[in-house]
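Right, one structure below, let's go through it.
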Amino acid sequence: MTYIERKQTIKAPVDEVYRVASNMEEYPVFMRDVQSVKIVQRGQNSTITDWVTDIDGTEIMWNEEDHFDRDKHIIDYRLIDGDLDKFEGQWRFSSIPEGTEVTLTCDFDFGIPELVHLIGDILEIKVGENCEMMLDGLKNQLEGQGN
């Protein structure tokens with residue numbers, strides 16, 4: 001299992017950043033590696049979403065459960081089914097003088113010990129880069145820089 005944590009400062013109010021991040025169906029518009037996000041089920045403070053991403057030409061698909069805590073500005077997510085054995089984490093949004101600090105965490109396991117043994121460092125780098133791409137896409141969307 002591998003744990004990744006990345007942070008980004010966005011020059012926008014925390015409520016606005018949280019609102020945009022909570023609208024996952026729009027991620028393909030401003031996050032280059034996200035091909036599609038489809039809401040399969042919507043609850044009062046949760047969704048079940050189907051994801052398709054492209055990381056260096058490899059399509060990765062999964063189904064996840066997302067929980068939204070608007071008061072604390074937190075989004076928790078966890079894998080239900082997909083190309084990974086474990087994929088879960090959290091988006092945290094904190095108000096700071098410069099705007100909003102966004103923290104994205106990801107705890108994942110590809111479930112193939114031989115693969116991790118051979119290319120584990122590369123997988124960690126790629127997932128870290130993907131987290132950074134998501135944070136950069138969110139920042140660009142909110143700061144008006146487009147894609």
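Of note:
- Protein heavy-atom accessible surface, 1.4 Å probe, per residue over segment 1-80: 58 Å².
- When the convex hull of its Cα atoms is viewed from all sides, the chain shows a mean projected area of 8.3 nm².
- Average Cα contact separation per residue, the chain, under 8 Å, 6 or more apart, as relative contact order %: 31
- Share of carbon and sulfur in the accessible heavy-atom surface of the chain [1.4 Å probe, %]: 46
- Out-of-range pairs (alpha-carbon distance over 21 Å; input Lys7/Lys126; Lys11/Lys126; Lys11/Lys72; Lys7/Lys38; Lys7/Lys72): Lys11/Lys126; Lys7/Lys38
- Förster radius 35 Å - calculated FRET efficiency between Ser94 and Glu59 (Cβ-Cβ, nearest 0.05): 0.55
The values are calculated or read from the model by the stated rules, or taken from the named source; none is laboratory data. Not measured: the values here are computed from a predicted model. As a convention, Cβ positions derive from the backbone with ideal geometry for all residues, glycine included, and neighbour counts pool all protein chains shown. Protein only, heavy atoms only, side chains kept; ligands, DNA and RNA dropped before computing areas. Shrake-Rupley method; radii C 1.70, N 1.55, O 1.52, S 1.80 Å.
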